[in-house]
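See below for the structure under consideration.
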């Protein structure tokens with residue numbers, strides 16, 4: 001009878017979420033991803049995980065950039081781990097909403113909402129994102 005526990009060859013070496021994101025896919029799978037290389041990385045990510053559709057989630061830790069981004073396939077959970085982060089979301093009417101997060105506080109960027117963040121000093125956050133179709137634009 002097969003064991004419900006993982007076989008030794010199913011175990012994965014430790015990785016750093018800031019360089020090697022993880023995809024949470026269908027069937028409860030957690031699939032380590034290749035090193036993050038920048039905005040172009042999302043295209044190859046989408047090709048790798050397309051079978052999971054909008055139910056797949058990208059889990060990553062990032063330092064912040066100056067770009068705006070938007071996730072059309074689903075919501076994004078943002079958890080501040082270190083420092084202070086001010087999330088900025090663009091409303092449909094063109095106005096902006098800002099929310100400051102401190103360690104262990106979180107906010108949700110709704111699907112289709114353009115968002116960015118301001119950071120004074122250094123900060124780090126955990127992101128759980130429906131990453132398919134992610135778009136970027138300059139500030």
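Since every read-out is calculated from the coordinates, none of them should be taken as a lab result. Please read all numbers here as calculations on a predicted model, not as lab measurements. Quick reminder, even Gly has a Cβ in these numbers, built from the backbone with ideal geometry, and neighbours come from all protein chains shown.
For the reader, a short list of remarks on this structure follows.
- In the chain, helices alone account for a calculated mean residue ellipticity at 222 nm of -2000 deg cm²/dmol, with every DSSP H run of four or more residues adding -39,500 (n - 2.57).
- Full extension of the chain between residue 51 and residue 126 gives 24.6 nm of extra length, using 0.36 nm per residue less the Cα-Cα distance.
- Spin-label pair residue 88-residue 13: with each label point 7 Å from Cα along the Cα-Cβ axis, the two points sit 4.0 nm from one another.
- Length released on extending from residue 40 to residue 106, taking residue separation times 0.36 nm less the Cα-Cα span: 21.1 nm
- Short-range pairs are left out: with C-alpha atoms under 8 Å and at least six residues apart, the relative contact order of the chain is 29 percent.
- Based on the Stokes-Einstein relation at 10 °C and a viscosity of 1.306 mPa s, and on the Kirkwood radius from alpha carbon pairs, the stretch 60-113 is assigned a translational diffusion coefficient of 133 µm²/s.
- Length released on extending from residue 96 to residue 137, taking residue separation times 0.36 nm less the Cα-Cα span: 13.2 nm
- For P(r) over Cα pairs in 10 Å bins from 0, in percent, calculated from these coordinates, the label among [x] 13, 35, 26, 16, 9, 1; [y] 12, 44, 33, 9, 1; [z] 11, 40, 33, 12, 3, 1: [z]
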